Amino acid sequence: MLRGREAREQQWTGGRFWGPILIVGAALLLTGCPKKPEVAGGPGAAGGPGAEKVTPAKPITEAPVQPGARPTDEGPLKDVFFDFDKAVIREDGKQALNEDIQWLKANPTARTMIEGHCDERGTNEYNLALGDRRARAARDYLVAGGIDAKRISTISYGEERPFVLGHDEAAWKWNRRDHFVVQK
Amino acid sequence: MTRLARITWLLLLSSGLLAVGASAQVDITVTRTVVQRIPIAVVGLRASGGSDLAAQALSVLVSDLEFSTVFEVLPPSFMPFNPREVRLGEEEKVLASLNHLKVQAMVVAELTQRGKDLTLEGRVYNVSRGVFLGGKRYFGEVTAIRSMVHRLADEVVLRLTGERGVASTRIAYASADKGATELYLMDYDGYNPTLATGNRSINLSPRFSPDGKLLAYTSYRDGNPDLYLLNLESGRRDKVSALPGLNIAPGWSPTGQWLALSLSKDGGTNLYLMRPTGGDLRRLTNGYAISVSPSFSPTGRQIVFTSDRGGSPQVYMMDLEGTNLQRLTFQGEYNASARWSPRGDKIAFASNRSGGFQIYLMNPNGTGIQQLTTVGANEDPAWSPDGRHLVFTSSRTGKKDIHVMHADGSEQKRLTQSSKSFAPDWSP
């Protein structure tokens, strides 16, 4: 729940073996998501930066990554992003969810956990409830799209597990999301 | 114009000029209403042996007495004798000269150390009447010196005001480190932080029971936000609510017989009441709105909470049965974290009405809004048990840390140095 400037540490302390893939994944995420379908997705994929076209008109935004921030690995299911204090599925969210429905239908034994997340603004307790609402919104969409509700579980992390650490919209928008974790 | 009018204009003009002149030369600080503090002298605590224990005890005692807002401690240089040299048994000799200085109270103390054992004795006097009010002797180990002095300070406050002081109280809070958020307890002055959870998951919303024996909190240790009770005396932990979805935001009734909490099991996040054993579950709010962060009035008859049923997070109040729902906040897009003062007269809350989040007070009917903080982002207010102070989260240093202030917003100071501590609660 913070605003105000924060000195950014630009250093990425390594030690994680899939670090370079994350950086690539993050760059792809920042340049393409959520409007473009990703060509290379997740840590398992072998896609490199050459596989993604960077649209010249759109500036690349940066946000600091520090130890403690979660990796943005998306796996085969696309995450859904939200406006501040909202759990309404936007158009780009519907696109992502439609693709998720396709994937889930194509992988009928897979189950998914939907994690609802919020940016740091607002109180911790309220954000737990908002994250819960976001997760349920995505679940309801999947169920309406024909996915068996028994394959979907939800959990809220509120603002407690941000993906991007930072105190402005450049960071906040990446944390207002439903994150899909596949459970085989 | 008439003579009277001319004089009036002259007076207005000259006072206006004076004001202008004054503000041009002097920085006018707005002082908040100051309640008269009782002037007190702290004597004794003579250094003995080579140790500085007496000096440490003196420092803690003076801090405790000053922080209470009850006392103004007389600087030693004002006394015509050396206050450190006053021995127990001789204290009555200095009463007259202290009375002459308009000092109203005196505490004389002595520390005796034998190896690892420490004895602290303190005696309290009403100086104006030259009367001994009471005394206590504390026995403990040297390592417990701060606790012993805290108890003496509370005794002094009790003797002079009839109310127990808060120097022996503790503050619980959450602190994030290396991907986990654990709960800690520390002395009310920031000393002696100890770990209360250690499950390497996310732990939130610590809330002391009214008798101080239990700590309610939410933990993800089993993979879901469940509600736990930690017995602070025995160390035993009980999972008291593990319903599907959220089991969060506990709030104790003043008798400790009920816990209010938010559950999302029925769709929407609604408020429920439950016995501390987990039984007797009753629903208080309905619908698909969010209702969280319940705080009981000290009478136990009403609950304030945060809800977005009106479109944005605002503070609402309702009766214990869930009836008579009223909205209390109408300014700003986000009003939350309401906590009812133990004195019953004020509700503290966080609001972003002035841009960033700040802490405010209001009357229980929503009127009389006072802003208490201005620097940085400030949230999560919690009252001391005597209603004189507030503990809160502040990011004014750039990182989140626990801070305290008096209930009028004065003397704001930082307690933790961790840079990721938040969500404090104050023990009874």
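The values are calculated or read from the model by the stated rules, or taken from the named source; none is laboratory data. On a predicted model such as this, the values are computed, not experimentally measured, just so you know. Don't worry about glycine lacking a Cβ; one is built from the backbone with ideal geometry, like all the others, and counts go over all protein chains shown.
Taking the numbered list (1) more than 14 Å from every other protein chain (Cβ to nearest Cβ); (2) modelled with pLDDT of 95 or more in turn, B:SER128 passes all entries but (2).
Given the options B:GLU121, B:GLU182, name the one that is more than 30 Å from A:GLU125 (Cα to Cα), surrounded by fewer than 23 Cβ atoms within 10 Å (Cβ to Cβ) and modelled with pLDDT of 95 or more. Can you show your working first?
Values: B:GLU182 fails: more than 30 Å from A:GLU125 (Cα to Cα).
Every option except B:GLU121 fails the conditions.
When the stretch B:384-403 is filtered for residues that are crowded, with 23+ Cβ neighbours inside 10 Å, part of a loop (DSSP other than H, G, I, E, B) and away from chain A (no Cβ under 14 Å), only B:SER384 remains. Counting the residues of the stretch B:325-359 that are at negative phi and either away from every other protein chain (no Cβ under 11 Å) or among the polar types (S, T, N, Q) (or both) gives 23.
Scanning the stretch B:175-222 for residues that are among the acidic types (Asp, Glu) and touching a helix residue (DSSP H, G or I) at 6+ places or on another chain (Cβ under 9 Å) yields a count of 2. Within the stretch A:81-99, the only residue that satisfies the criterion of being touching a Phe, Trp or Tyr at 6+ places or on another chain (Cβ under 9 Å), buried (at least 17 other Cβ atoms within 10 Å of the Cβ) and aromatic (Phe, Trp, Tyr) is A:PHE81. The residues of the stretch B:326-337 that are farther than 23 Å from A:ALA87 by Cβ and either in a loop (DSSP other than H, G, I, E, B) or hydrophobic (A, V, I, L, M, F, W, C) (or both), listed by number, are B:LEU328, B:PHE330, B:GLN331.
Scanning the stretch B:168-179 for residues being surrounded by fewer than 22 Cβ atoms within 10 Å (Cβ to Cβ) and within 12 Å of chain A (Cβ to nearest Cβ) gives a total of 4. Being more than 14 Å from chain A (Cβ to nearest Cβ), over 30 Å from B:VAL73 (Cα atoms) and β-branched (Val, Ile, Thr) is a property that B:THR194 has. Of the residues making up the stretch B:273-324, those that are under 19 Å from B:ARG207 (Cβ atoms), of a type in the set (Ser, Thr, Tyr) and more than 14 Å from every other protein chain (Cβ to nearest Cβ) are B:THR277, B:SER297, B:THR299. Test B:ARG353 against the stated conditions and say whether it is assigned to a loop (DSSP other than H, G, I, E, B) and basic (Lys, Arg). No, not satisfied. When the stretch A:110-125 is filtered for residues that are more than 10 Å from every other protein chain (Cβ to nearest Cβ) and acidic (Asp, Glu), the ones remaining, listed by number, are A:GLU115, A:ASP119.
State yes or no: is B:ASN192 polar (S, T, N, Q), within 19 Å of the chain's Cα centre (by Cα) and in the same structural domain as B:SER262 (by TED's automatic domain parsing)? So B:ASN192 fits the description; yes. Confirm whether A:LEU128 is more than 14 Å from chain B (Cβ to nearest Cβ), surrounded by 18 or more Cβ atoms within 10 Å (Cβ to Cβ) and not aromatic (Phe, Trp, Tyr). For A:LEU128, the condition - more than 14 Å from chain B (Cβ to nearest Cβ), surrounded by 18 or more Cβ atoms within 10 Å (Cβ to Cβ) and not aromatic (Phe, Trp, Tyr) - is not met. Applying a threshold of 8 Å to beta carbon distances and a minimum spacing of six or more residues, or different chains, the list of pairs starting in the stretch A:77-90 at a residue that is without any contact (Cβ under 8 Å) to a residue 40 or more places away in the chain and ending at one that is assigned to a loop (DSSP other than H, G, I, E, B) reads A:ARG90/A:PHE82; A:ARG90/A:ASP83. B:THR397: closer than 30 Å to B:LYS178 by Cβ, of a type in the set (Ser, Thr, Tyr) and either touching a helix residue (DSSP H, G or I) at 6+ places or on another chain (Cβ under 6 Å) or modelled with pLDDT under 95 (or both), yes or no? So B:THR397 passes the test.
Let's see how each residue does on (1) at pLDDT below 95; (2) more than 25 Å from B:VAL292 (Cα to Cα):
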{"site": "A:LEU142", "(1), (2)": "no, yes"}
{"site": "A:ARG151", "(1), (2)": "no, yes"}
{"site": "A:HIS167", "(1), (2)": "yes, no"}
{"site": "A:LYS184", "(1), (2)": "yes, yes"}
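Answer with yes or no whether B:ALA216 is at pLDDT 95 or above, in contact with a Ser or Thr (Cβ under 9 Å, 6 or more places away or on another chain) and more than 10 Å from chain A (Cβ to nearest Cβ). So B:ALA216 passes the test.
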